[in-house]
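Input: a single structure, listed below in C-alpha cells.
The values are calculated or read from the model by the stated rules, or taken from the named source; none is laboratory data. Only a predicted model underlies this, so the values are computations on that prediction, with no experimental measurement involved. Because the Cβ atoms are built from the backbone with ideal geometry, glycine has one as well, and the counts that use them run over all protein chains shown. With ligands, DNA and RNA removed, areas are computed over all heavy atoms of the protein, side chains included. Shrake-Rupley method; radii C 1.70, N 1.55, O 1.52, S 1.80 Å.
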Amino acid sequence: MKPRVILSIAVVGLGLIIAAVPKNTTQPYKLTANQLLDEANSSYQFFSPDELADLLIKKDPSILLIDVRDPEEFATYNLPGSINIPFSDLLNSEWTGTLNQDVRINIFYSNGTLLANQAWMITRQLGYLNNYVLEGGLNYWVETIMNPDKPQSTSPNEELARYDFRKAAGAALGGGAAIAPVVEESSTPRPVIIRKPAKKKVSGGC
Amino acid sequence: MGPLFVNNIISENTNFLLAFFIGIGFGMVLESSGFSSSRKLAGIFYGYDTVVLKVFFTAALTAMLGLLFMSLFGWIDLSLVYVNPTYLTSAIIGGAVMGVGFIIGGFCPGTSFCGAAIGKIDAMVFVGGLFLGIILFSETYPLWEKIYLAGFKGSPKLSESLGLSDGLLALGVILMAVAMFYVAEWAERKFPREEY
Amino acid sequence: MEEKHKDRSRSYLNPYLGGVLLGLVLLAANFISGRGLGASGAVKSVIVAATQTIAPAHVEKNAYYHDYMQEHDKPLKSWLVFQMAGVLVGGFISGALWGRLKLKVEHSPKITSRKRLFLAAIGGILFGFGSQLGRGCTSGSALSGMAVLSLGGFITMAAIFGTAFAFAYFFRKNWI
C-alpha cells in the first residue's frame, strides 16, 4: 500500500513541474561556445572562388548558392543559380528546411566575407550542417574570376594555368568576352575542404 | 553532453561493453520483479496479479520524467535520442499478433530470455518459438511487405501529434498511470491469487 | 496459505521499486547510447548472422535480410546482442541470489506440462512474427517508445495489451 502512495505523490509532483516549465528552455543550443570557436578558427567553412567556379562549371547539382544580402542588392547582381535569403530574415522558419538539411552544400555569399560568415555562424550554432561561405565574397569573386589579372609572362606556370582557368570560368559564367577552352584541371593544388561528417545515426528497434 | 555515444564521448566498443552492463541491470530487474514467471505475467489479464502493469508503467514514467528533466538541465539532447518510427498499420497489426502471442505464450521476448536464464523450460521453448516466428516472417516477407510499409508517419512524438508540450503530455500519462495503479490494486483484492 | 503467500511475495521486489529501477536502466540506455532497450532485435541479429554463415546466397536473395545487412555490416556486433547477453547473465545472477534457479515447466495445475510447452511455442512464434511486423516488442517498441513519447510506442503498447485483454477470456482455462 505505502510504496504506491509514495510513488504516486512523487511522479505527480514531478509531472506538475515538468508540465509547468516553459518548453523552450528544454532546447539548448547544439554547439558550445568552445566548439564553435574551434570550428571558426579552423576556417573549414570557406570555399575559395576557384573551387566554386569549378563546381559551377561542372553544374554540380549538390550546391546551392545563397545570397544573404538585401533583396535590392540581390536584384542588382547575383551569381547564377543563387537564391536570396536576406540576413535579417535568416531565422524565419520558412528557410529552416533549406538551411538545415543533409543533401546539398549551401554556400553563403555577400559583398565581402563578413555577412555570409555571420550567417554561417548562426546556422552552425543551431547545429545545422552543410553550410559554407564563399571566401572573400562577391568582391573577391569579381576580382579573381570575372576580371582576373593577367600574370606577367615570366610568372611560374601554375600561375598562368590559374589565370587561364579563371578567364575561361569567367567567360563560361557570364563574365568577360574571351572564349577559351575550359580548363578541367588547373594545376594549382586546390585547398582540401574538410567536411564535417554528419552525426552518427543511432539505429534502434527491438 | 548526452547521449554519450552519439556525441562521440565514448567509443563504439565502450558502448557495446556498457550495453552488456545495461543488459545485466535489465535482466536482474526483470527477474527480481517476477517477470521470469509466465503465470505472474499472465495475471495482469485476469486481474489476479498486476505486477506487469505496475512495473511497466512505473518504468515508463521514470524514464520519461528522467529524460525530460535531463533535457531541462541540458544534460541530454533529446533530438539525438532514437524515436521509433511510426508505421500505423503494422504497429496495430503487429501489436495485435504480439498480444495474442502474449496471452497464449505467457511471455514477451525480454521476459522469456529472463525465464530461460533461470531454467524455466517453457521460457526456453518460447525463445525457440521466437526464432521460428522471426524466420517465418523473414522468409514470407514479400507477402507482408505492403502492410509492413503502410501508414508511415515519420517519427513523431505523441505530444507533437496532439499539439501538446512534452511536459503536459507527460503529466497526462502520469495521471493515467496512477489511476491504473489504483484500479490494479483494487483488482488484485477482488480476484483471488492462487499459489504458484 | 496466507503465510506462505506472504513469504513468496516478499522474495520478489516491490513492483513499484522494480519499475523505478527498470526505468533507471532504460534512462541509462538512453543517456549512454541514445536508444532504448530491446529484445527481439537481438534474436533477429542472431538469425541473420546464422543465415549468413550457413547460406550467404540466401541473405542476398531475401529482401528482408538484405535490407538488414545494408544497415549492419556485422549483425552480431550490434548493441542489442550485447544487451541481451547481459539480460541472460543478469537474470541468472538474480535467480541465483534469490534461490530461484530450477529447471521446471511452470504451468497452471489445470493443464499438463506438454500442453504448456505447446502453447509456449505457439506464443513464441506469434510474438516473434508480430515483433518483426510491428518493428519491436514490448520492451523495444512499447516501453522504450513510451519513454521517449513516441507515437508508435503508444500505439504498439495499446495494440499488444488491448488484444491480449480481448483474447484473455478464450484462453482463461490455460491460466486460471
Mean Kyte-Doolittle of at least -1.0 plus a Cα span of 18 Å or more along the axis: flag which DSSP H helices in chain C meet both, please. C:15-33, C:40-54, C:79-97, C:113-133, C:151-168
Whole-angstrom gap from segment C:104-163 to segment B:81-107, using each part's C-alpha centre: 7
Solvent-accessible area buried by C and B, counting both chains, probe 1.4 angstrom, square angstrom: 11000
Mind giving me the nanometre distance, one decimal, between the label points for C:Ile54 and C:Leu76, set 7 Å out from Cα along Cα→Cβ? 1.5
Evaluated at 25 °C with a viscosity of 0.890 mPa s, what Stokes-Einstein diffusion coefficient in µm²/s does segment C:13-98 have when Rh comes from the Kirkwood expression over alpha-carbon pairs? 166
10 Å Cβ neighbours from other chains, averaged over peptide B:38-46: 6
Can you tell me how much longer the chain between A:Leu37 and A:Ile83 gets when fully stretched, taken as 0.36 nm per residue apart minus their C-alpha distance, in nm with one decimal? 13.7 nm
Round to the nearest 0.05 the FRET efficiency obtained for A:Lys58 and C:Lys115 when R0 = 56 Å and r is the Cβ-Cβ distance. 0.20
Of C:Leu101, B:Leu53, which has the most accessible area and how do the rest follow, probe 1.4 Å? C:Leu101, B:Leu53
Reduction of at least 20 Å² in accessible surface, 1.4 Å probe, comparing all protein chains with the chain by itself, residues of segment B:111-130: B:Phe113, B:Ala117, B:Ile118, B:Gly119, B:Lys120, B:Ile121, B:Asp122, B:Val125, B:Phe126, B:Gly129, B:Leu130
In Å², and per residue, what accessible area does segment C:107-176 have when probed at 1.4 Å with the other protein chains present? 35
Under a 1.4 angstrom probe, counting protein chains only, how are A:Glu94, A:Glu51 ranked by accessible area, largest first? A:Glu94, A:Glu51
So what does B:Glu139 come to for accessible area, using a 1.4 Å probe and Å² rounded to 10? 80
Relative contact order of segment C:13-89: what whole-number percent is it, with Cα pairs under 8 angstrom and at least 6 residues apart? 32
At a probe radius of 1.4 Å, figure out the A/C buried accessible area, summed over both chains, and give it in Å² to the nearest 100. 800
When the charge dipole of segment A:1-94 is computed with +1 at the Cβ of Lys and Arg and -1 at the Cβ of Asp and Glu, the Cα pointing farthest to the positive end, of A:Leu52, A:Val21, A:Leu91, is that of A:Val21
If I take every Cα pair under 8 Å that is 6 or more residues apart in chain C, average their sequence separation and divide by the length, what percent do I get for the relative contact order? 23
Per-pair calculated FRET efficiency, R0 = 25 Å: B:Phe73 and A:Ile6 via Cβ, rounded to 0.05: 0.60
Solvent-accessible area per residue for segment A:3-172 (1.4 angstrom probe, square angstrom): 51
Cross-link list B:Lys54/B:Lys190; C:Lys104/C:Lys173; B:Lys54/C:Lys115: which exceed 23 angstrom alpha carbon to alpha carbon? B:Lys54/C:Lys115
Distance from the Cα centre of segment C:46-94 to that of segment A:71-117, in angstrom? 46
What is the average number of partner chain Cβ atoms found within 10 Å of a Cβ in C:41-47? 5
Cβ neighbours within 10 Å from other chains - mean over C:60-68: 3
Taking A:Trp95, A:Trp141 and ranking on accessible area (1.4 Å, protein atoms only), highest first, one gets A:Trp95, A:Trp141
Work out Dmax and Rg for the protein assembly as shown from the C-alpha atoms and quote the Rg first, both in angstrom. 29.7, 108
Counting only protein heavy atoms and a 1.4 Å probe, tell me what percentage of the protein assembly as shown's accessible area is made up of carbon and sulfur. 64
Which value results when the Cα radius of gyration for segment A:3-172 is divided by 2.2 N^0.38 Å? 1.48
Kirkwood hydrodynamic radius, computed over distinct alpha-carbon pairs, for chain B: how many Å, to one decimal? 19.5
Under 18 Å from the 7 Å Cα→Cβ point of C:Trp98, by amide nitrogen: which residues of segment B:1-40? B:23-40
So what is the relative contact order for segment B:3-190, in percent, with contacts set as C-alpha pairs under 8 Å and at least six apart? 30
